[in-house]
Ligand code: NI
């Protein structure tokens, strides 16, 4: 096992379309997946796609832990919104709604930045595990978000390309000041409207 070097925005490997994996059960695939998981955990990421470690294959790893759940959510809803550490080879996504929701994202290939990205709120995904078994799940909320983010990497797309307002692309070290300034601006807008 090894921690791999992560490609950063600007490296051509992140812009290409990754290739389907001919045999998800091949030993090289297992070795790559182990490295991807180790690299993701070391970098404290929620997900990682193979092109981010300079491997142009359709493989993603991700997790959607309970700690990312919104408060007060019932058990049935929570089920679709969480995922254990998942390895998905040759993934496919089927979007189930026209509804989109903005949420903050970061990316190990875009270090130091955060952006508010609109994503579909509900989808189905399927792909293969390294044991060759078919994985098929419904996903909502953060779970659906992380799957869309990681699968975008396989088509050469980084999250800033999905943003509709680049004033919401900020350094994470400025997030607190940025959010406070925005809240204040909204408050004064509201006061004007009330007056
Ligand atoms: Ni990413």
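Would you mind stating whether residue 78 is at pLDDT below 95 and assigned to a helix (DSSP H, G or I)? Answer is yes for this residue.
Among the residues making up the stretch 142-163, those that are touching a residue at least 24 places away in the same chain (Cβ under 8 Å) and over 19 Å from residue 61 (Cβ atoms) are 160, 162, 163.
In the set (1) free of Cβ contacts under 8 Å to residues at least 12 places away in the same chain; (2) more than 16 Å from the ligand (Cβ to nearest atom), the condition left unmet by residue 44 is number (2). Within the stretch 73-85, residues that are without any contact (Cβ under 8 Å) to a residue 60 or more places away in the chain have Cβ atoms under 8 Å from residues that are exposed (fewer than 15 other Cβ atoms within 10 Å of the Cβ) and not in a loop (DSSP other than H, G, I, E, B) in these pairs: 78/66, counting only partners at least 6 apart in sequence or on another chain. Contact annotation: residue pairs with Cβ atoms under 8 Å, 6 or more positions apart or on different chains, pairing a residue in the stretch 99-111 that is within 12 Å of residue 169 (Cα to Cα) and in a loop (DSSP other than H, G, I, E, B) with a partner that is at pLDDT below 95 and within 16 Å of the ligand (Cβ to nearest atom), are 106/172. Look at residue 176 and say whether it is more than 15 Å from residue 49 (Cβ to Cβ) and in a helix (DSSP H, G or I). Judged against the criteria, residue 176 is a match. When the stretch 104-116 is filtered for residues that are in contact with a strand residue (DSSP E or B) (Cβ under 6 Å, 6 or more places away or on another chain) and either away from the ligand (no atom under 16 Å from the Cβ) or within 25 Å of residue 57 (Cα to Cα) (or both), the ones remaining, listed by number, are 105, 106. Residues in the stretch 135-169 that are touching a helix residue (DSSP H, G or I) at 6+ places or on another chain (Cβ under 7 Å) and outside any helix (DSSP H, G or I) were compared, and the one that is nearest to the ligand (Cβ to nearest atom) is 158.
Of the residues making up the stretch 86-98, those that are out of contact with any helix residue (DSSP H, G or I) (no Cβ under 6 Å at 6 or more places or on another chain) and either within 16 Å of the ligand (Cβ to nearest atom) or without any contact (Cβ under 8 Å) to a residue 24 or more places away in the chain (or both) number 3.
Might you check whether a residue that is in contact with a strand residue (DSSP E or B) (Cβ under 6 Å, 6 or more places away or on another chain) and either within 23 Å of residue 142 (Cβ to Cβ) or part of a helix (DSSP H, G or I) (or both) occurs anywhere in the stretch 10-33? Yes: one or more hits.
In the set 58, 8, 68, which member is surrounded by fewer than 20 Cβ atoms within 10 Å (Cβ to Cβ) and at pLDDT 95 or above?
Details: 58 fails: surrounded by fewer than 20 Cβ atoms within 10 Å (Cβ to Cβ); 68 fails: at pLDDT 95 or above.
Selected residue: 8, the only one of 58, 8, 68 that is surrounded by fewer than 20 Cβ atoms within 10 Å (Cβ to Cβ) and at pLDDT 95 or above.
The values are calculated or read from the model by the stated rules, or taken from the named source; none is laboratory data. Note that the structure is predicted; figures quoted are calculated from it, not measured. FYI the Cβ positions are ideal-geometry reconstructions off the backbone, even for glycines, and counts take in every protein chain you see.
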